[in-house]
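Heads up: the structure comes next, in structure tokens.
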Amino acid sequence: ANSKAVYSELIEEGVKKEKLKLIYNGVILRKEKRINIRNIKEELGLEIGKYFIFSSIANLLPYKNQIMIIKAAEKLLKITNKFVVIFVGSGTVEYTNFLEMEIAKRKLSKNFFLLKQTIDIDKYFYISDVGISSSVEEGFSNTILEYLNFGKPVIATNVGGNVDVINKKNGILIESNNYHQMFE
């Protein structure tokens with residue numbers, strides 16, 4: 001199992017404890033020595049120092065619950081427009097279109113970037129101020145580990161293995177599907 005939550009689920013499903021091991025996921029620790037954050041922001045058309053950058057680096061799938069982030073951003077827009085949210089990932093055309101329609105409907109088009117999955121992902125970890133994991137279910141999130149590797153705090157839903165890694169020093173856990181709490 002890759003988290004305490006998955007371990008418990010396997011026991012509930014009838015797997016004997018003596019047949020189980022808890023082995024957390026790992027990520028390759030990497031940090032480029034020379035990265036020009038200014039260039040990355042300029043590629044996206046972001047004025048340096050003007051925007052707070054949230055990102056969600058996850059597949060665009062319903063259980064990753066990006067709609068929760070969109071709803072929280074709608075509330076934030078009533079206070080400030082000095083933020084952007086970057087979604088990086090791939091998914092179904094239907095779900096991607098749904099997210100794009102929700103962003104447009106809520107007048108957030110200037111605040112969101114939907115970017116396709118890329119091998120050059122590190123640049124988005126570098127420019128993020130805060131990472132978000134909004135999943136309604138999770139094993140042990142590699143993305144959270146990667147945010148932490150890059151020294152970024154994380155807002156994550158209290159599901160699966162997220163509770164095994166997020167603490168008051170590196171982020172905050174919120175209730176699953178609670179966009180009011182995410183906004184706060």
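The values are calculated or read from the model by the stated rules, or taken from the named source; none is laboratory data. Source: prediction; values computed, not measured. Cβ sites come from the backbone with ideal geometry, for glycine too, and all protein chains shown count toward neighbours. Heads up: the accessible areas ignore ligands, DNA and RNA and are worked out on the full protein's heavy atoms, side chains in. Shrake-Rupley method; radii C 1.70, N 1.55, O 1.52, S 1.80 Å.
The residue that is farthest from Gly171 (Cα to Cα), counting only those in segment 93-137 that are acidic (Asp, Glu) and in a helix (DSSP H, G or I), is Glu94. Only residues that are modelled with pLDDT of 95 or more, part of a loop (DSSP other than H, G, I, E, B) and out of contact with any Gly (no Cβ under 7 Å at 6 or more places or on another chain) were counted in segment 138-166, giving 3. If you check Lys152, Lys78, Lys116 for being open to solvent by 30 Å² or more (accessible area, probe 1.4 Å), more than 27 Å from Leu22 (Cα to Cα), in contact (Cβ under 8 Å) with a residue 12 or more places away in the chain and of a type in the set (D, E, K, R), only one passes: Lys116.
On the stretch given as segment 53-64, residues that are open to solvent by 10 Å² or more (accessible area, probe 1.4 Å), under 20 Å from Ile121 (Cβ atoms) and either over 12 Å from the mean Cα position of the chain (by Cα) or among the polar types (S, T, N, Q) (or both) total 2.
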